[in-house]
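Structure record follows, encoded as structure tokens.
The values are calculated or read from the model by the stated rules, or taken from the named source; none is laboratory data. Bear in mind that the values here come from a model prediction, so they are computed numbers and not experimental data. Here the Cβ positions follow ideal geometry from the backbone for every residue, glycine too, while neighbour counts run over all protein chains shown.
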């Protein structure tokens with residue numbers, strides 16, 4: 001077996017054992033997550049997973065007194081197909097910015113920022129994708145991954161972050177992991193859905209670095225939303241650290 005194929009299979013095993021083995025170390029959680037969603041459809045490429053992933057910031061969970069007026073979510077994903085023994089990507093941009101383990105920041109083509117749902121003005125969010133939150137009020141990510149072939153594993157990490165706030169800016173507030181699979185007969189099912197664990201936070205920083213290296217080299221970005229500018233290129237993230 002080729003080394004790159006072995007490393008991909010080991011990644012899947014690591015994800016499984018991290019959730020199953022007792023005593024795994026959780027990531028930072030300065031609040032609470034509420035996840036809702038059900039797999040739908042079936043057949044090769046015919047299934048989907050419409051969902052919502054909501055985080056409510058509670059500073060006392062981390063012994064903090066931060067007053068965060070705006071928080072949002074950054075999402076990274078990795079899709080692995082066991083038939084091809086390789087990672088799959090929804091577009092060429094995500095493949096170009098992916099880590100060695102197949103993780104990449106999830107964003108639509110034409111959107112200049114890596115924050116999920118952040119418009120190209122760099123200030124407003126599209127509520128279809130990610131209405132923002134604040135202290136005690138949830139920020140919610142809406143997603144509906146679909147179209148993946150049989151024998152695929154879809155992994156996702158959502159990271160809630162403070163955004164454009166006067167205090168505690170650019171801080172990571174919590175991490176959540178969700179996933180689903182499609183078997184050999186095209187039947188979809190939920191997989192691991194839980195608060196994230198250590199090492200995924202390190203992988204997230206690698207995906208952010210991948211975005212930051214990739215972003216400035218991209219050409220004009222047009223999200224094709226009325227009233228939004230065409231930006232000259234994508235923009236790097238600032239330094240993001242745990243609260």
Inset, instruction - State which residue pairs qualify: first residue farther than 17 Å from residue 218 by Cα and inside segment 102-129, second residue surrounded by fewer than 18 Cβ atoms within 10 Å (Cβ to Cβ) in any location, beta carbons under 6 Å apart, and separation of 6 or more residues or different chains. - result: 117/126
Inset, instruction - Give me a count of the residues in segment 90-99 that are outside any loop (DSSP other than H, G, I, E, B) and more than 13 Å from the chain's Cα centre (by Cα). - result: 4
Inset, instruction - Mind telling me which of the residues 42, 63, 46, 23 ends up being surrounded by fewer than 17 Cβ atoms within 10 Å (Cβ to Cβ) and modelled with pLDDT of 95 or more? - result: 46
Legend entry - Filter result for residue 102 (within 16 Å of the chain's Cα centre (by Cα) and in a helix (DSSP H, G or I)): no
Legend entry - Flag if residue 84 is within 22 Å of residue 229 (Cα to Cα), in a loop (DSSP other than H, G, I, E, B) and either in contact (Cβ under 8 Å) with a residue 40 or more places away in the chain or over 15 Å from the mean Cα position of the chain (by Cα) (or both): no
Inset, instruction - Test residue 202 against the criterion of being without any contact (Cβ under 8 Å) to a residue 60 or more places away in the chain and under 14 Å from the mean Cα position of the chain (by Cα), and give yes or no. - result: yes
Inset, instruction - For residue 122, indicate whether it is in a loop (DSSP other than H, G, I, E, B) and more than 12 Å from the chain's Cα centre (by Cα). - result: yes
Legend entry - Count of residues meeting criterion [touching a strand residue (DSSP E or B) at 6+ places or on another chain (Cβ under 8 Å) and either buried (at least 21 other Cβ atoms within 10 Å of the Cβ) or at positive phi (or both)] in segment 108-124: 9
Legend entry - Scope segment 180-197; condition surrounded by fewer than 22 Cβ atoms within 10 Å (Cβ to Cβ) and either outside any strand (DSSP E or B) or in contact (Cβ under 8 Å) with a residue 60 or more places away in the chain (or both); matching residues: 183, 184, 185, 186, 187, 189, 190, 192, 193, 194, 195, 197
Inset, instruction - Answer yes if at least one residue in segment 198-221 is farther than 22 Å from residue 32 by Cα, touching a strand residue (DSSP E or B) at 6+ places or on another chain (Cβ under 8 Å), at pLDDT 95 or above and assigned to a loop (DSSP other than H, G, I, E, B), and no otherwise. - result: yes
Legend entry - Tabulated pairs, segment 146-169, first at positive phi, second part of a loop (DSSP other than H, G, I, E, B), C-beta under 6 angstrom, 6+ apart or interchain: 147/45; 151/82; 151/83; 151/184; 164/70; 168/66; 168/68
Legend entry - Matching residues in segment 81-101 - criterion: being touching a helix residue (DSSP H, G or I) at 6+ places or on another chain (Cβ under 7 Å) and buried (at least 23 other Cβ atoms within 10 Å of the Cβ): 97
